[in-house]
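Scroll down for the structure; my scribbles are underneath it.
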Amino acid sequence: MLSKKMLKLTNINYGLSRPMIPEKRIIRRIQSGGCAIHCQDCSISQLCIPFTLNEHELDQLDNIIERKKPIQKGQTLFKAGDELKSLYAIRSGTIKSYTITEQGDEQITGFHLAGDLVGFDAIGTGHHPSFAQALETSMVCEIPFETLDDLSGKMPNLRQQMMRLMSGEIKGDQDMILLLSKKNAEERLAAFIYNLSRRFAQRGFSPREFRLTMTRGDIGNYLGLTVETISRLLGRFQKSGMLAVKGKYITIENGDILAELAGHARNVA
């Protein structure tokens, strides 16, 4: 099973086992109103599982993927307690993951964009510990886990890419712990906007102008802040000239200030 292989590989020094970055393939960006885009044609494949695979391996992966109809806003991919049957690669849209606390409150644990893979946290127990819900109309590729697990045993490049993606999930969790434990409210929100900007840039979108698909309430829930605090801070950021805020639309006016407040030296490019 992939989970057992992961346990063995996690004992390896990541600095010595970091996967080599292959030469970039030419990605054909095509328009489609349906669900028939294949891995070779997907515009975000370099963020997803296919990144390190050769053409033959891509064909094998492509054959097991189920491309679903659009997931509408509010629909769930899976619920807490569901058996792990598939992982989900997001082709477009935004998915939020959340749990329900003992008090019955929702606690958001992540926002997933195109190119992200959802469902890793169920590999350990075989059951999903969280919910995954669409924040807008989204397209996903469903990847049956058992078949993917079998393929990973035959394809070292696939196994390596799965490890890379899981490592990214772990790093993201570590960053979030640091954010919540060491940063104040201003720094948390600045880091959230900065990181969202970088993620949009990785996907070929503008890092300076973008729309927030999540509500202020969702952002506050994720960052451990109230809705009022989020609104007040956005107003403060706008007044300082760092951001321009118009409803859900954000324009980064001064990337240097944002990066510094977020704890990053590099500017938003």
Inspect segment 182-193 for any residue being under 20 Å from Ile95 (Cβ atoms), at pLDDT 95 or above, part of a helix (DSSP H, G or I) and not assigned by TED's automatic domain parsing to the domain that holds Phe111 and give the result as yes or no.
yes
Only one of Ile219, Ile193, Ile177 is surrounded by fewer than 17 Cβ atoms within 10 Å (Cβ to Cβ) and closer than 24 Å to Val118 by Cβ, namely Ile177
Picking from Leu87, Leu77, the residue that is assigned to a strand (DSSP E or B), closer than 24 Å to Asp149 by Cα, of a type outside the set (Gly, Ala, Ser) and in contact with a helix residue (DSSP H, G or I) (Cβ under 9 Å, 6 or more places away or on another chain) would be Leu87
Picked from segment 126-143 (must be surrounded by fewer than 18 Cβ atoms within 10 Å (Cβ to Cβ) and within 19 Å of the chain's Cα centre (by Cα)), the residue farthest from Met214 (Cα to Cα) is Glu142
Of those in segment 90-112 that are part of a strand (DSSP E or B) and of a type in the set (Gly, Ala, Ser), the residue farthest from Pro70 (Cα to Cα) is Gly110
When Lys69 is run through (1) touching a residue at least 60 places away in the same chain (Cβ under 8 Å); (2) not in a strand (DSSP E or B), the failure sits at (1)
Here the residues within segment 235-256 that are part of a helix (DSSP H, G or I) and crowded, with 18+ Cβ neighbours inside 10 Å are Phe237, Gly255
Looking for something part of a strand (DSSP E or B) and either touching a Lys or Arg at 6+ places or on another chain (Cβ under 7 Å) or not aliphatic (A, V, I, L, M) (or both) - is there at least one such residue anywhere in segment 113-123?
no
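The values are calculated or read from the model by the stated rules, or taken from the named source; none is laboratory data. Everything numeric in this text was worked out from a predicted model, so none of it was measured. In this analysis, Cβ positions are derived from the backbone assuming ideal geometry, glycine residues included, and neighbour counts consider all displayed protein chains.
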